[in-house]
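The values are calculated or read from the model by the stated rules, or taken from the named source; none is laboratory data. The structure presented is a predicted model; accordingly, all values stated were derived computationally and were not measured. When we count neighbours, we look across all protein chains shown, and the Cβ atoms used for this are built from the backbone with ideal geometry, even at glycine. These area figures cover heavy atoms from the full protein model, side chains too; ligands, DNA and RNA do not enter into them. Shrake-Rupley method; radii C 1.70, N 1.55, O 1.52, S 1.80 Å.
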Amino acid sequence: MTQPSSAVPPSRAPLPEDTLAAVQAALGAEHAAVWVYGLVSAFLPATFDKAIAEGATAHRACRDTTGRLLGAAGATPEPAEPAYLPPKPVTDQASALELVVNAETDTTTAWRAAMERTDAPDVRRIALDALKSSAARSTRWRKTAGLTPLTPPLPGQP
Amino acid sequence: MSTTPPTPVSVSRRVLLLSTLATGLVACTPTPASPPPPDPLAALAARARADAALASAIASATPALAGVAEEVAKVRGEHAAVLQKEVDRERPPKPSSSAAPTTTAAPTVPSNPKAALAEGLKGASDEASEVAVAVPRHRAGMVGSVAAGCVSLLEVLA
C-alpha cells in the first residue's frame, strides 16, 4: 500500500466533467488531510510522531499523484485552502485524534465517490489505492483513540 | 389451498440460462482466460460468507481471539449481504430457489486461526480490488468499500 502503485503518464485523455469534479473533490479532501496532520501534531505527544509522519507522507503522496493525474488530463488541480475549519475545536489529545479519524473518513468517502464517477481503470486504481490506505489508517487511529467500532463495514460509504 | 403444481423444470431452465449467459460473457471478454463466473460479485459474496463462517467458528473456539474474530465475522457478514443483494437485484433469483447457497457445515478451526483470518482477508481484498476496477460505476463504490473493509480488518487483527 505504500508503494507508488499509481504511475501517472505525462498526458492522458481529458476526464469527463463528472469524473473531473469527483477527482477535484477528492484532491480537496487530501489537501485538508495534509493540513489536519500538521495541526494535530501540536496536540499529540511524541509517541504519535511516527504515525503522524506516515499519515502526512501518505496524503502528500496521494495529493501529488492526484495533481499529476489532473495535469495529465489537461486540468488545473485545485489548490489547498490557506486553512480549514475543524468540525469541532481541537484542544487536546482526544479532540486531535477525533479530527484525524474524521480526516481519514472524509478521504475514504471522497475516493469512493470518485470510483463511482469514472469508467477509467487508471482513475479507478488511484481512487481505490487511496480509499484502502485511508481506511487502514482510519482503523489504526481508531484503535489508538479507543474508538469503536474499529472499522465501518464499508469504508467510504456515505 | 394452492393447486399450483411443482415446477421441477425451473432449476434446469435456470442452469441453462446461466450457462448461456456465461458463454456470452466469454465471447465479450478481451482476455480469454478460464470462463468467468456469471457474476463476479457472486464469487465475492461467497467468499465473504465463508470468511464470516470461519471467523464465527474461530470466535467460539478461541477465546483469546473472540473479540477480533467477532468483528471479522460481523463485517464480512455485512459484505456478503450487500454483495448478494446486488447480485439478486441484477438477476433476481426465482422465488422457489431463493435459498442462498447453503454451506451450513461449520468450518474447521485451523491450527493458526489468526494467520488463517489474515490470509483470507488479504485474498479477499485483492480479489475485490481486481473486481472494483472493472465493474460498472454503480457497483464500483460498493466493491471498493468491500476491499477497503478487508484492509481495515487486517488492521483490526494486527
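Miscellaneous remarks
- Residue match in the range A:92-103 (condition: part of a loop (DSSP other than H, G, I, E, B), open to solvent by 20 Å² or more (accessible area, probe 1.4 Å) and within 14 Å of chain B (Cβ to nearest Cβ)): no
- Among the residues of the range A:118-135, those that are open to solvent by 10 Å² or more (accessible area, probe 1.4 Å) and facing chain B (nearest Cβ under 7 Å) comprise A:D119, A:P121, A:R125, A:K132.
- Meets criteria (of a type outside the set (A, V, I, L, M), open to solvent by 30 Å² or more (accessible area, probe 1.4 Å) and outside any helix (DSSP H, G or I)) for A:G74: yes
- Every test in (1) at the interface with chain B (Cβ under 10 Å from one of its Cβ atoms); (2) surrounded by fewer than 21 Cβ atoms within 10 Å (Cβ to Cβ) is passed by A:S138 save one, and that test is (2).
- Test result for A:T107, of a type in the set (S, T, N, Q), open to solvent by 50 Å² or more (accessible area, probe 1.4 Å) and over 20 Å from B:L121 (Cβ atoms): no
- Residues in the range A:36-63 that are under 12 Å from the mean Cα position of the chain (by Cα) and either open to solvent by 70 Å² or more (accessible area, probe 1.4 Å) or among the hydroxyl-bearing types (S, T, Y) (or both): A:Y37, A:T57, A:R60.
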